[in-house]
Ligand SMILES: Cc1cc2nc3c(=O)[nH]c(=O)nc-3n(C[C@H](O)[C@H](O)[C@H](O)COP(=O)(O)OP(=O)(O)OC[C@H]3O[C@@H](n4cnc5c(N)ncnc54)[C@H](O)[C@@H]3O)c2cc1C
């Protein structure tokens with residue numbers, strides 16, 4: 001068992017830190033979902049994404065022909081960890097693009113789809129920004145119950161229905177979407193298909209939804225006879241559920257990045273506690289030590305998943321295990337942070353430049369986003385169900 005990175009990998013980590021020094025303002029703490037709800041940060045994120053793309057770092061592990069550099073799983077993990085720690089913005093190209101749309105298209109898209117869409121994401125082109133339409137008003141955890149219907153008429157599909165919680169739809173050029181394509185099915189997981197939808201399509205209405213702090217990340221999408229060319233079907237018609245499971249595993253993986261973010265906020269909190277003198281209190285010391293153990297444990301779990309991928313093994317329950325664990329850690333860290341910074345934690349979350357804001361607003365922002373993080377990409381409960389089923393071999397409980 002080797003618990004060290006190679007010299008080459010350590011050098012790569014240093015290169016990323018040089019990039020951070022040159023391009024990210026000192027003291028910058030990235031917040032999850034901050035870029036998306038704060039227009040100046042979105043523009044800054046897109047500019048950083050462009051610079052990363054110029055180094056082929058935005059999609060580092062993608063094949064060279066699609067704008068990556070064919071990096072190893074470990075190099076990708078180092079990049080993800082540093083992105084999380086330094087809060088390098090813009091790296092997901094609208095939450096979806098780099099993380100699951102590109103990998104999904106490369107896995108099961110047509111050659112034409114790969115050539116048309118994937119390089120735009122890797123190049124950080126504004127036409128490479130995607131959003132994702134899975135959830136509907138009555139279908140979240142029970143996603144297979146979704147009702148939005150795509151009816152094939154000749155060489156096009158006509159879509160009617162509604163999606164909700166569509167992050168970044170107001171920035172996106174394309175929508176990655178699941179629809180029902182067959183109503184008469186034995187099981188609700190059958191008869192579903194994935195599509196690429198042009199966000200400029202006639203009949204598609206994007207309506208903003210404000211989140212808990214008044215920020216605009218989410219949208220509702222209304223489809224009224226939206227026409228989509230048949231060539232925009234992705235994968236096999238009516239077999240969309242199994243494709244979707246693959247895409248969701250891309251979405252849920254990458255725990256090392258989340259650990260990077262948790263570590264950074266934790267480090268800043270420890271520093272604050274030392275400067276404020278609260279470090280003298282033994283209960284605070286105990287709670288910080290407890291969190292340090294948790295964060296280190298999460299990192300080791302994240303590395304284990306990378307190690308497995310590096311051996312060519314398929315991940316099964318690991319992304320769910322890691323998401324369930326880090327969901328809880330977000331809440332735990334932000335609650336302790338709120339206790340430590342006290343009344344300062346009541347500053348308006350959207351005003352991270354207030355002179356009273358501590359730690360760049362990271363604690364109060366994490367406190368509010370921890371609720372959403374526990375829902376997005378499948379709730380913490382869903383992840384526990386999946387660990388039970390696929391990790392422990394328990395009978396399906398839902
Ligand atoms: C920040 C954020 C970004 C998002 N972005 C997108 C996006 O871009 N596109 C998109 O399509 N969706 C997006 N979503 C929506 C997200 O996928 C859903 O919120 C999620 O799937 C949960 O669905 P729901 O909100 O309907 O909750 P519900 O499914 O109604 O769940 C409510 C509660 O019941 C529990 N529960 C439900 N069923 C079970 C069960 N069988 N066993 C145990 N517990 C259960 C859940 O764990 C949860 O606590 C986003 C959500 C958030 C918070």
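The values are calculated or read from the model by the stated rules, or taken from the named source; none is laboratory data. Bear in mind the structure is a predicted one, so any value in this text is a computation, not a measurement. So basically every Cβ, Gly included, is an ideal-geometry build from the backbone, and we count neighbours across all protein chains shown.
What the table shows:
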read-out	value
Qualifying position, being within 16 Å of the ligand (Cβ to nearest atom) and either over 30 Å from residue 245 (Cβ atoms) or free of Cβ contacts under 8 Å to residues at least 24 places away in the same chain (or both), among 397, 345	397
Among (1) in contact (Cβ under 8 Å) with a residue 60 or more places away in the chain; (2) assigned to a loop (DSSP other than H, G, I, E, B), the one test that residue 69 misses	(1)
Complete set of residues in segment 211-241 that are more than 14 Å from residue 150 (Cβ to Cβ) and touching a strand residue (DSSP E or B) at 6+ places or on another chain (Cβ under 6 Å)	211, 216, 218, 219, 220, 222, 241
Residue 300, sole failed condition from (1) exposed (fewer than 15 other Cβ atoms within 10 Å of the Cβ); (2) away from the ligand (no atom under 16 Å from the Cβ); (3) in a loop (DSSP other than H, G, I, E, B)	(3)
Residues satisfying the stated conditions in segment 1-45, i.e. surrounded by 14 or more Cβ atoms within 10 Å (Cβ to Cβ), assigned to a helix (DSSP H, G or I) and modelled with pLDDT under 95	34, 35, 36, 37, 41, 42, 44, 45
Residues of segment 359-380 classified as near the ligand (Cβ under 7 Å from one of its atoms), assigned to a loop (DSSP other than H, G, I, E, B) and on the phi < 0 side of the Ramachandran plot, total	3
The listed residue being in a helix (DSSP H, G or I), in the same structural domain as residue 257 (by TED's automatic domain parsing) and more than 16 Å from the ligand (Cβ to nearest atom), out of 351, 327, 322	322
Condition met for residue 164 (surrounded by fewer than 22 Cβ atoms within 10 Å (Cβ to Cβ), at pLDDT 95 or above, within 16 Å of the ligand (Cβ to nearest atom) and over 20 Å from residue 104 (Cα atoms))	yes
Count of segment 139-161 residues which are more than 8 Å from the ligand (Cβ to nearest atom) and within 23 Å of the chain's Cα centre (by Cα)	2
Options 286, 383: the member that is in a helix (DSSP H, G or I) and more than 16 Å from the ligand (Cβ to nearest atom)	286
Options 261, 273: the member that is touching a helix residue (DSSP H, G or I) at 6+ places or on another chain (Cβ under 7 Å), in a helix (DSSP H, G or I) and under 20 Å from residue 98 (Cβ atoms)	261
Hey, residue 389 part of a helix (DSSP H, G or I) and either in contact with a strand residue (DSSP E or B) (Cβ under 6 Å, 6 or more places away or on another chain) or buried (at least 21 other Cβ atoms within 10 Å of the Cβ) (or both) or not	no
Checking residue 221 against (1) surrounded by fewer than 22 Cβ atoms within 10 Å (Cβ to Cβ); (2) in a strand (DSSP E or B), the condition it does not meet	(1)
Lone qualifier among 106, 93, 69 - being within 16 Å of the ligand (Cβ to nearest atom) and touching a helix residue (DSSP H, G or I) at 6+ places or on another chain (Cβ under 9 Å)	93
Verdict on residue 244 being surrounded by 15 or more Cβ atoms within 10 Å (Cβ to Cβ), at negative phi and touching a strand residue (DSSP E or B) at 6+ places or on another chain (Cβ under 8 Å)	yes
Residue pairs meeting the criteria (Cβ under 8 Å; at least 6 apart or on separate chains; first within 20 Å of residue 238 (Cβ to Cβ) and in contact (Cβ under 8 Å) with a residue 12 or more places away in the chain, in segment 157-169; second part of a strand (DSSP E or B) and within 7 Å of the ligand (Cβ to nearest atom))	163/133
Test: residue 127 is more than 17 Å from the chain's Cα centre (by Cα), more than 17 Å from residue 239 (Cα to Cα) and surrounded by fewer than 19 Cβ atoms within 10 Å (Cβ to Cβ)	yes
Test: residue 209 is assigned to a strand (DSSP E or B) and closer than 20 Å to residue 129 by Cα	yes
